[in-house]
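Engineer: A single structure is presented below for examination.
The values are calculated or read from the model by the stated rules, or taken from the named source; none is laboratory data. Computed from a predicted model, the values in this text were never measured in an experiment. So basically every Cβ, Gly included, is an ideal-geometry build from the backbone, and we count neighbours across all protein chains shown. Just so you know, the surface numbers come from the protein's heavy atoms only, side chains and all, with ligands and any DNA or RNA stripped out. Shrake-Rupley method; radii C 1.70, N 1.55, O 1.52, S 1.80 Å.
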Amino acid sequence: QVQLVESGGGYVQAGGSLRLSCAASGRTFSSYAVAWFRQAPGKEREFVAAISYIGVRTYNTDSVKGRFTISRDNAKNTVYLQMDSLKPEDTAVYFCAADRTLSAITGPTPALYWGQGTQVTVSS
């Protein structure tokens, strides 16, 4: 069982930066792939970025295009999402999720574990 808690969201002006954290409980967290998703009001949930247990990264290049960086610190059981050059269209609730593999977490089936989400609001 893995429990995930996001933090670091907030209100920022366009062009600013935020760093989201996803803290996990569970001794086996380091063996899981972790992803960030986001959902804006009235829109479907969107994949943002994912990282495998050994650090292989994948991004939704259409939406983040080098502005976001995902990383993990297995010693701290935490995954981060560094968000730079934020735009108003980045406004959403950001969720982290965990699953056994990178393929599973980016595939069509919802991930095994989810956090409660953290709100990010970018003003123009």
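Engineer: Could you list, in sequence order, all residues of the stretch 9-29 that are more than 20 Å from Phe95 (Cβ to Cβ), open to solvent by 50 Å² or more (accessible area, probe 1.4 Å) and among the small types (Gly, Ala, Ser)?
Structural biologist: Passing the criteria: Ala14, Gly15.
Engineer: Which one of these is in a strand (DSSP E or B) and in contact with a helix residue (DSSP H, G or I) (Cβ under 9 Å, 6 or more places away or on another chain): Val34, Val5? Walk me through it before giving the result.
Structural biologist: On the way: Val5 fails: in contact with a helix residue (DSSP H, G or I) (Cβ under 9 Å, 6 or more places away or on another chain).
Result: Val34 is the single residue among Val34, Val5 that is in a strand (DSSP E or B) and in contact with a helix residue (DSSP H, G or I) (Cβ under 9 Å, 6 or more places away or on another chain).
Engineer: Here is a further query. Residues of the stretch 48-76 being under 19 Å from Gly117 (Cα atoms) and either modelled with pLDDT of 95 or more or surrounded by fewer than 16 Cβ atoms within 10 Å (Cβ to Cβ) (or both), which ones?
Structural biologist: The answer is Val48, Ala49, Ala50, Ile51, Phe68, Thr69, Ile70, Ser71, Arg72.
Engineer: Hey, could you check the stretch 105-124 for residues that are buried (at least 19 other Cβ atoms within 10 Å of the Cβ) and over 18 Å from Ala24 (Cα atoms) and say which is farthest from the chain's Cα centre (by Cα)?
Structural biologist: Out of the qualifying residues, it is Val122.
Engineer: Which residue pairs have Cβ atoms closer than 8 Å, lie 6 or more positions apart in sequence or on different chains, and pair a first residue in the stretch 94-108 that is more than 24 Å from Met83 (Cβ to Cβ) and assigned to a helix (DSSP H, G or I) with a second residue that is of a type in the set (Gly, Ala, Ser) and open to solvent by less than 40 Å² (accessible area, probe 1.4 Å)?
Structural biologist: So the pair list comes out as Ala104/Ala33; Ala104/Ala111.
Engineer: Tally the residues that are assigned to a helix (DSSP H, G or I) and among the acidic types (Asp, Glu), restricting the search to the stretch 70-93.
Structural biologist: 2
Engineer: Here is a further query. Do the conditions hold for Gly42, that is, is it small (Gly, Ala, Ser), part of a loop (DSSP other than H, G, I, E, B), surrounded by fewer than 12 Cβ atoms within 10 Å (Cβ to Cβ) and in contact (Cβ under 8 Å) with a residue 12 or more places away in the chain?
Structural biologist: No.
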